[in-house]
Amino acid sequence: MTTSAPMTDLMGGQPLTIRPIFDRMRTIYADGEVVDATGRTTYGELSERVLRIVTVLRELGVKPGDRVATFANNSARHLELYYAIPLAGAVLHMVNIRLYAEQIEYVVQHAGDVVLVADDDLLPAVENLTEQCPDLRLVMTMSELAGKAAVAAPTTDLPELQEEWPSGICYTSGTTGMPKGVVYSHRSMYVHAMAACMADHLGLSEHDRVLPVVPLFHACGWGLPYAAPFTGAELVFAGADTSPANLARIIREERITFAGGVPTIWTQLLPLAKSGEADVSSLRALMVGGAATPRPLMEEWDALGVPILQLWGMTETAPLACASRPRRRHKDLDEEARREVRLKTGTIFAGLEARIVGDDGVELPWDGESVGELECRGPWVATAYYDDDALSSEKFRDGWLRTGDMAFMEPDGYFKIVDRSKDLVKSGGEWISSLDLEAAVMAHPRVCEAAVVGVRSVRWDERPVVVVVPEGEPPTVAELHEFLTGRVAKWWFPDDIVVVDEIPKTSVGKYDKKVMRTMLADRVLP
Ligand code: ADP
């Protein structure tokens, strides 16, 4: 018979919710600044407004579990709603303002939003939604809400939030189909924020000033609205004007240390940074995600002394899940070889698991060459889509998310995404990575941007064609082939070049290959 008392867990059982992040922002970091296109405020003042907005939401009849939508650019007011809605126990639906009208109607209706708050200037796009969406009772502007909040009392009785309560819903941007709803829990947002801040992940601190160029409506603003205030890092928002000139001004005037966005944003800023018009000396890093970082982009920013930190994630992974930080074994590599490492995708974040799976569903070895579909799982990875069983059974298996990204894994778990499975070009039974081929084409001095898509071929099934934005006179097909010799295998050489003024982009600034495939749908190559 044992004489010792039975042992139970003696640690605090506080639920992991957005509340402790908010409390820390409101008290410990009250003096932290938040800057947007309209002016400056502090985390302390902003928190006070959050508590008033909770009161207003309740007066409007919003109850725990209700969905409240935002339709807005990045601003302090949008950030307030990132807190007020989940703190009221409701669910924040960050609607992508760049969706088509039918898609907006679809997501608002599908999520069952009861209230929608829009930027004043965006109201025309949503003011009639109450007629189309039966659950939607009210569409109001940010100014109306602020007006009501100004005369409301700050709430003193926030609900006891449970960690498994839904805190937000974000729809995928629809790069590969209709938007799909991903429901975040309080717990997932809390652990995601903790993980994001780890030194080998983002490594944020109170001394940082963060500029999320990534919209707050895209994949939860990369979780920065929670991760930054959790560490005390300050937040600066550009609003609707994400032009290179405005970003350059903000980075210079606000002494930004960390800025995050899709590759095209940093491609467009590069000329100003190179000419010295943009002072980027305050930047510790540029966070690049949403699409693979092109090699020339990393080389050019490296030359300016601003390292690119490549991040991988999906709406389904809340969204940050991987960073391309070199590992211990890379420490003696020279700069060029380290860049090679940084151009791969990286190591899955601590807290998540990743694996590579073959067509037959069997896990592939971590041998640095076997390519299969990347799958991942963990406390901030979705296990299903909201109210969509058919798609859920396609994209999830045994609790794992099937990412649709094809990758290989090195023996220590450092992986590289070679392509989206839908974007691989299948030529004569062999795969061509559109990403690698694009990177090689973009290295050409007269190519500014390049996107590779597969075009139907009688003999090979599919052949790569490259859509190019030239810098000056575009290279001919023969010149391009000559340039690519020694850079990629000969059978990868694109069969044709299509010159355009601008590459079609998705609502979040990624190359829209769906549009390009449609553009080239009538073409048949020999
Ligand atoms: P959507 O699926 O609608 O484009 P997401 O933002 O969720 O919206 O996109 C996630 C996808 O973006 C990933 O599955 C991957 O294909 C791509 N992606 C994101 N980051 C990277 C990266 N660093 N390298 C390569 N691909 C990336």
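Within the chain, what is the longest stretch that has no GluC sites (Glu not before Pro) placed in a DSSP loop and near at most 11 other beta-carbon atoms within 10 Å? Write out the running numbers ahead of the final one.
On the way: sites that count: GLU160, GLU369, GLU502.
With GluC sites (Glu not before Pro) excluded where exposed in loops, the chain gives 161-368 as its longest stretch.
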Explain nothing, just the number: dipole magnitude of the chain about its Cα centre with +1 on each Lys and Arg Cβ and -1 on each Asp and Glu Cβ, in debye rounded to the nearest 20. 420
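Would the range 408-465 count as rounded, prolate or oblate if I go by the C-alpha gyration tensor, calling it rounded below 1.5 in a/c and otherwise prolate when a/b exceeds b/c, oblate otherwise?
Values: a/c = 2.81, a/b = 1.17, b/c = 2.40.
It is oblate, given that a/c is not under 1.5 and a/b is not larger than b/c.
Once R0 is set to 30 Å, what does the formula 1/(1 + (r/R0)^6) return for the Cβ-Cβ distance between GLU394 and TRP431, expressed as a FRET efficiency to the nearest 0.05? Intermediate results must be reported in sequence, preceding the final value.
Values: r = 21 Å, r/R0 = 0.70.
Calculated transfer efficiency: 0.90.
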Over all Cα pairs of the range 52-196, the Kirkwood radius sets Rh, and Rg/Rh then becomes 0.95
Tell me, in nm to one decimal, what length is gained between SER4 and GLU369 on full extension, where the rule is 0.36 nm per residue of separation less the Cα-Cα distance? 126.1 nm
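Please report, largest first and rounded to whole Å, the three semi-axes of the ellipsoid equivalent to the range 333-381, where each semi-axis is the square root of five times an eigenvalue of the C-alpha gyration tensor.
Working: eigenvalues 114, 55, 10 Å².
Taking √(5λ) for each eigenvalue gives 24, 17, 7 Å, largest first.
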The set of residues whose placed amide H lies less than 5 Å from the amide H of SER457, leaving out same-chain residues fewer than 5 positions away, is GLU462, ARG463, LEU525
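Pulled fully out, how much extra length does the chain show between ARG40 and HIS207, if you take 0.36 nm times their separation in residues and subtract their Cα-Cα distance? Walk me through the numbers before you get to the answer.
On the way: separation 167, 0.36 × 167 = 60.12 nm, distance 1.76 nm.
Difference between extended and current length: 58.4 nm.
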Spin-label pair GLU277/GLU160, simplified geometry with 7 Å Cα→Cβ offset, distance in nm: 5.8
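Roughly what percent of Cα-Cα pairs across the range 374-437 reach past 14 Å? Can you show the working numbers first?
Numbers: 1314 of 2016 pairs.
When all Cα pairs of the range 374-437 are counted, 65 percent exceed 14 Å.
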Using a 1.4 angstrom probe with every protein chain in place, what is the largest-first accessible-area order of MET442, MET287? MET442, MET287
Using a 1.4 Å probe, what is the accessible area per residue for the chain, in Å²? 42
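So for the range 279-392, Kirkwood radius off the Cα pairs, Stokes-Einstein at 25 °C and 0.890 mPa s: how many µm² s⁻¹? Walk me through the numbers before you get to the answer.
Working: Rh = 16.1 Å.
It comes out at roughly 152 µm²/s.
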Would you list which lysines come within 24 Å of LYS274, measuring only between C-alpha atoms, while excluding same-chain residues fewer than 8 positions from it? LYS510
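Over the chain, with every protein chain in place, what whole percent of the accessible area is carbon and sulfur at 1.4 Å, could you tell me? Working shown, then result.
Values: 11400 of 22200 Å².
The computed percentage sits at 51.
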Using the alpha-carbon centroid of each, what span in Å lies between the range 335-400 and the range 259-320? 24
So what does ASP398 come to for accessible area, using a 1.4 Å probe and Å² rounded to 10? 130
Considering only TYR414, GLY404, ILE250, whose Cα is most displaced toward the positive end of the charge dipole of the range 241-420, charges sitting on Cβ of Lys, Arg (+1) and Asp, Glu (-1)? ILE250
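Starting from the Kirkwood radius over alpha-carbon pairs of the chain, derive D by Stokes-Einstein at 4 °C in a medium of 1.567 mPa s and give it in µm² s⁻¹. Spell out each step's value before the answer.
Details: Rh = 24.2 Å.
Approximately 54 µm²/s, per Stokes-Einstein.
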Could you count how many Lys pairs in the range 321-479 have their Cα atoms under 19 Å apart, skipping same-chain pairs fewer than 8 positions apart? 4
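Calculated FRET efficiency, ARG487 and GLN109, Cβ-Cβ r, R0 56 Å, to nearest 0.05?
Details: r = 49 Å, r/R0 = 0.87.
Computed FRET efficiency for ARG487 and GLN109: 0.70.
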Volume per residue that the Cα convex hull of the range 425-519 spans, once the total is divided by residue count, Å³: 95
Before rounding to the nearest 500, sum -39500 (n - 2.57) across all DSSP H runs of length at least 4 in the chain and divide by the residue total; then give [θ] at 222 nm in deg cm²/dmol. -8500 deg cm²/dmol
For a quick size check, give me the Cα extents of the range 1-113 along its three principal axes, largest first, whole Å. 71, 38, 27
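Any idea what the dipole of the range 219-324 comes to, in debye rounded to 20, about its Cα centre with Lys/Arg Cβ at +1 and Asp/Glu Cβ at -1? Intermediate values should be presented prior to the final figure.
Numbers: 6 positive and 10 negative charges, 15 e Å.
Computed about the Cα centre, the dipole is about 80 debye.
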Could you calculate the FRET efficiency of ILE28 with LYS63 from 1/(1 + (r/R0)^6), where r is the beta carbon distance between them and R0 is 45 Å, rounded to 0.05? 0.90
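Over the chain, what relative contact order in percent results from Cα pairs under 8 Å that are six or more residues apart?
Values: 1114 pairs, mean separation 54.0, N = 526.
Relative contact order, the chain: 10 percent.
The values are calculated or read from the model by the stated rules, or taken from the named source; none is laboratory data. Remember, it's a predicted structure, so these values are computed and weren't measured experimentally. FYI the Cβ positions are ideal-geometry reconstructions off the backbone, even for glycines, and counts take in every protein chain you see. Heads up: the accessible areas ignore ligands, DNA and RNA and are worked out on the full protein's heavy atoms, side chains in. Shrake-Rupley method; radii C 1.70, N 1.55, O 1.52, S 1.80 Å.
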